[in-house]
Amino acid sequence: MDALTRSNLDYYFDLLKNEFEKYNFYGHPEAIYNMDETGMPLEPRPPKVIAKKGQKKVRYKTSGTKAQVTVVGCGSATGQILPPFIIFAAKQINPPQWCTDEVSGTRYAVSDNGWIDQELFQFWLDEHFLSNVTPHRPIVLLLDGHSSHFKPTSIEYAKKKGVVIFCLPPHTTHECQHLDVSLFGSLKARWRNECHKFYCKNPGLVINKFNFCSIFKKAWLLAVIPANLCSGFKTGVFPFNPNAIQPTSKSLYSIKNRCNYYYYHYYYFIGYYYCDIIRYYYYFIIIIILLLLLLFYFKIIVNNNNNNKRMKLNNKKRKEKRKAIVEEKI
């Protein structure tokens, strides 16, 4: 299902235009903010390793953990970068040991799984976001539709503080999410490089909560710069341009009327699987070909079994005939 269609984009930009005109955000880009979170793995994907040609198993030393640390980023259309908001997977935070050599102004929180939830979003909004943004009111906060961002009390609190929360269209954040487009890709690449340097300089050590901040600070300062942040808002937000993002396909999916989506789909006899009759036309052909090949394969097996049975029967008859001839001669 592809939601990046012309109808969805037009609907999104129409809503955004109404908010911009209502609160006059066209002349106040410093009041346009985007917020998003990303996971920084403590065992990032290793870089290329030099090995012998033809070697099947190439090893690389890592921390051996699948844990990650969530980093919440936020910035404005004028390039103002808020300090990161870091969430550890723990029961309680240990600032003296975990927060050494940090990015200036960083805030910390903990959760059971290391992800953001509604309570942490409320804490971020109240304690971190509002204390670092411009004093101009109102301001608009663009974010994705994750359930953690939409607690009723958080929305009411934001409204009282002059913050307009605007949700980006679903399944389009790879193009519409400004931080995804301009910052997080570069940040993760810098993070992998810094982790590789750490392993090279410190053989025998691993990356964990105690040294995360010092390594992350180097990656953050190299990747998160105002020029990159401003380029992310060129996805049609500032300067406002509804044609900045081009649709990827002519999908039948529509945000205006989701019921129409199901009208164009069939439910097939295998499970709960459904297919778009336009996008998955070639899949049907491939499935039919595979079924025909499967039937042909079973037919060959059945024929071979029948031939084997026939040969055994013929051999048995020959043996009986020879035995009868021998008995007559005797």
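The values are calculated or read from the model by the stated rules, or taken from the named source; none is laboratory data. This structure is a prediction, so every number in the text was calculated from the model and none was measured. Heads up, the Cβs are rebuilt from the backbone with ideal geometry, glycines too, and the neighbour counts pull from every protein chain shown.
Entry remark, region 138-161: residues being surrounded by 15 or more Cβ atoms within 10 Å (Cβ to Cβ) and among the small types (G, A, S) number 3 in total. Restricting the first member to region 186-200 and to residues that are among the acidic types (D, E), and the second to residues that are crowded, with 17+ Cβ neighbours inside 10 Å, the beta-carbon pairs closer than 8 Å and six or more apart or on different chains are E194/I215; E194/F216; E194/K218; E194/A219.
Pairs linking a residue in region 120-148 that is within 17 Å of L82 (Cα to Cα) and not assigned by TED's automatic domain parsing to the domain that holds P29 to a residue that is buried (at least 19 other Cβ atoms within 10 Å of the Cβ) and of a type in the set (S, T, Y), with Cβ atoms under 9 Å and 6 or more positions apart or on different chains, do not occur. Might you let me know whether region 77-89 holds any residue that is loosely packed, with under 14 Cβ neighbours inside 10 Å, over 26 Å from K234 (Cβ atoms) and touching a strand residue (DSSP E or B) at 6+ places or on another chain (Cβ under 8 Å)? Checked against the condition, which is being loosely packed, with under 14 Cβ neighbours inside 10 Å, over 26 Å from K234 (Cβ atoms) and touching a strand residue (DSSP E or B) at 6+ places or on another chain (Cβ under 8 Å), region 77-89 yields no hits at all.
Being surrounded by fewer than 12 Cβ atoms within 10 Å (Cβ to Cβ) and either β-branched (V, I, T) or modelled with pLDDT of 90 or more (or both) is a description that applies to S104.
Take K66 and decide whether it is part of a loop (DSSP other than H, G, I, E, B) and assigned by TED's automatic domain parsing to the domain that holds S214. Taking the combined requirement at face value, the residue satisfies it.
S182 fulfils the conditions (1) surrounded by fewer than 18 Cβ atoms within 10 Å (Cβ to Cβ); (2) of a type outside the set (D, E, K, R); (3) assigned to a helix (DSSP H, G or I) except for a single criterion, (1). Pairing each residue of region 153-178 that is under 24 Å from S131 (Cα atoms) and in a helix (DSSP H, G or I) with any residue that is acidic (D, E) and at pLDDT 90 or above, provided the two are 6+ apart or on different chains, yields C-beta distances under 9 Å for S154/D126; Y157/D126; H178/D36.
Under the condition of being assigned to a strand (DSSP E or B) and not small (G, A, S), the residues counted in region 1-60 number 9.
Across region 38-57, not a single residue is classified as buried (at least 18 other Cβ atoms within 10 Å of the Cβ), more than 23 Å from the chain's Cα centre (by Cα) and under 27 Å from N132 (Cβ atoms).
If you go through region 145-172 and keep only what is touching a Leu at 6+ places or on another chain (Cβ under 9 Å) and β-branched (V, I, T), you end up with V163, V164, I165, T172.
Conditions (1) farther than 22 Å from Q177 by Cα; (2) at pLDDT 90 or above; (3) among the basic types (K, R), marked per residue:
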residue: K53; (1), (2), (3): yes, no, yes
residue: I86; (1), (2), (3): no, yes, no
residue: V110; (1), (2), (3): yes, yes, no
residue: F121; (1), (2), (3): no, yes, no
residue: E127; (1), (2), (3): yes, yes, no
residue: V133; (1), (2), (3): no, yes, no
residue: H136; (1), (2), (3): yes, yes, no
